[in-house]
Every structure is written in C-alpha cells, then in structure tokens.
1. Could the peptides 105-115, 68-78 be put in order, highest first, of the mean number of other beta-carbon atoms found within 10 Å of their residues?
2. Work out how much length I433 to R452 would gain on full extension: take 0.36 nm times their residue separation and subtract the Cα-Cα distance, in nm to one decimal.
3. S317 to S409: FRET efficiency via 1/(1 + (r/R0)^6), r the Cβ-Cβ distance, R0 25 Å, to the nearest 0.05?
4. Could you order the peptides 179-185, 25-31 from most to least packed, using the average number of other C-beta atoms within 10 Å per residue?
5. Under the 0.36 nm per residue contour assumption, what length would be gained going from the current alpha-carbon distance of V261 and E299 to full extension?
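Derivation of every value follows stated rules applied to the coordinates shown; laboratory data play no part. Just so you know, these numbers come straight off a predicted model, no measurement behind them. Glycine gets a Cβ as well: all are built from the backbone with ideal geometry, and neighbour counts include every protein chain shown.
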Amino acid sequence: MKINHKVLLLEIKNFLLGKTVLTGVVSLLVFGFYSFYHGKQLIGRQQQTMASVPGVQKQHLQQILAHGTGKMVGTTAYYPFFYTTNPASPWAKFSIGQRDVNPFTLKVKMLAIEGQLYDSELTNPLTLLVGNLDASFVFIFLFPLLIIAFTYNVVSEEQENGVWKIVQATSNGIGAAIAGKLMVRLAVILVTTLLVFTAAVVALQLPASLPTLKLLIVVVLYVMFWFTVSVLIIALGKSSSFNATALVCIWIFLAILFPGVANIAINNSIPVPEAAETAIRQREGYHAKWDEPKKPTMEKFYAVYPQYRTYPIPEDSYSPGWYYAMQFSGDLESANSSEKLFEKVMQRQTLSERIASFNPVIAAQQSLNKVANTDLTSHIRYLQSVKAHHRQIREYFYPFIFVDTPTESIDWAGYPAYQPKQYVNEPVFAGMIAILVWVVGSLLFSLIFFKRNFIKIIDTQNA
C-alpha cells in the first residue's frame, strides 16, 4: 500500500486549516493550563498547611506546658495533640487523586487511636473517578472528546458529500487514502498530547525521572486506545451521525456508567461493616472499663508492656496509669475489627484493579494516581504510619506517667518525631498492559472491518 505524497500533503493542509482542529486544540490547551493552575493551587495550599505544622506543634506544646505546671504528667498528657502530615509527591499536582477528600494532616492524642483516624470515609477509588479538573482529568476525560471530534467523519463525510470516487481516482487505492487521513489525524493528536504533557512537566515542575516517564507512557497508551476505538467505529462503514453517536455513547459508558455500576458491584460483594464496628468497639472497650475492676484491664496492658507491672495501681481510686491502660485496652478491643477494615478496603482496591482490566479509563486513572501516590493504597499507608507514630508517643510518655513525674520535669518536645512516609514507586505495568491489549484488539478488529466493509463499498461503486 503506497500513499500518494501529494494527496497526503493536501490532506494535511485541509485538515489543519479546518475549524475543528483549531477549536479543539485551543480549547484543550485552555483546559490544560487551567488544570495546571488548579493542581498547583490545591497541592500548594496543602504544602503550605503542612509547612506550618512544626510551628503550630511547638506553640501548642508550650501552651500545654504552661497550663500543666505543677501537675503530674498523667494529667497534662490528656490534652496535647501530636501532628502528622502526608506530604504530596511531586506528581500529585498532575494527578490529585484522593488527596482532596482524604486528610493530608492528622493530629492524634495519647488516647485510643482508632476513633481518631477516620476523619473521612475510606472511599473506593471507583467512586472518585470523576474528580478535580487536574492534568489527569484533561487527558482521561477531555482528550477522548478531541479524538472523537477529529476522527468520526474521516471517511463518512466524503461518502456523504459524493466525492468518494474522486478520492479513489486521485490515490493509489482506497486503503492508502484512508491510511493517509488517519495518519494525519493521529500525528496531530500525538503532537497535541506531547505538547500538553510537556507544558504540564514545565508548569508543574515535574522531575525528569522514571515516574514522569510512566505518566507519559500511560497517557500515550490511553490516547492510542481512544484513537483505535474511533478507527474501529469508522471501519463499520456507517454514517457520520452514527459514528459520532456511537463514540460518545462509548465514552459515556466507559467514563461514567461503567465506574458507577462497578462501584455498586464492589460495595455489594465486599461490604465493610467493620468501619462502624471499629469505632463502636473502641468506644465500648474504653467506656465499659469505668465500671469494671481495674485488674483485668491492667492485665491486658501488662501482656503487651510487662515492664510496668511493678508500678502499683490502686483498685479503689483513679490513677493515670490505669486511665491510659484503659485507653490502650479500647484499642485492643477494636484491633480485630480494625485489621479487617484495612483488609477489606485493600480487597476492594484489588478488585477494582481487576475490573480496570475491562475498562481502560479506570486502568489509566488508577495508574496515574499510583504514580502520583494519590490513590487509596497510599492513604492507607499514611494511616498506618500515624498508628505507628501514636504508639511511639504512648511509649515515650508511659514511663513518666507511671512514676507520677511533674509536668515541667520532662522534655515535651523530646518524643520521637513523626517520620512522613516516603514516596513509593508503585508498579503500573498491569495497567499499561491492560490498555495496550485494548489498543491491539481494537486495531485488529478495525483491520478486519475495513477489509470487509470497504471492499464491498469499492465493489458497489465500481459496478
């Protein structure tokens, strides 16, 4: 199949001079630049808030110390908050993911931890597929519309205008003519993709590194998917109105309806009653201890911290050691529910990733969020790090509490500093492969339909 270069140059000129190209590319660039601004603003505000945390923490502890002077540590330790932060990765500005709905900073007390963790719902990622107008939104949701606008009438328009025989006469074959038209549109689409992505790298100051390359690969594969789907619809040989309607319906189904149905299926197949059960058990485990003998509570505490068994705990009066052991007991009561909660949330995440194999839109969005560390898995890692920090705080203050140390006698800033979680280079190979399979499949079926439908057209016109 040899493409006539003169015809190809004429097609390039006609296509680029069309209003659709200019309007589509300019509109996409406008949305793109706004998405860069929005991503920088949102993540910038979060970073500004997190930057203020050390100063707020220091001032807060100074106030606690001033009000606690003359009191025992066991009394004063009830009041302070200890702040934690979940820093954004450099790529979070590109794909915000769930950072706008999940807390990026949490403050915890010495009290039972389970009731302090869940300031927001642990949401399944499929429910948040349509989110902020960030750079990932532009690529995932708006680029397909541009591709549809560029390709839906690539062949049918000339059939409908009666110039099909002229195209045949001025080219080396109908296959070469169609291939030339599609190549021109694919080139413009890929150039636009690279232009917007490069602008994102510059505007969002994304580092030249492997994660940025992963973002680019996912975006290019995703754009290729929508282009091959458009080619597949064109290959059916229908009218322009049919092609446009079919492609828009596919976009609505894959981007909106499918995620909604999948979310319902996931919620029904993996219910999470532990979310409420964890909080209830923690509260009951704590409140019930006020009316129970102190010894059973202390025995549970000693099973984990036997070094404090030598310190006396009066049975008939209040003591700080018993109070914080009671708080710890509340966590022990809810530990099983808490583990099941995290386990089931991860099961939902795993199931949603399997479902993504059947929907390139979800696969692409999840892959971008993984690269940016803005997905549900990343937030769970943050919650687990907060729980670990809470334990460090408790274990720092326990020795002072059990020996009734005066408040002013200890270093209130000497507790182990919170170590923010580091960036995790999550694998996105499965998501890439899922999209690639759809690209190859769509392309193969396109070739089959082109051969079947357009041979018939040629035969009919030649008859």
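1. 105-115, 68-78
2. 4.0 nm
3. For S317 and S409, the calculated efficiency is 0.60.
4. 179-185, 25-31
5. Additional length available on full extension: 8.8 nm.
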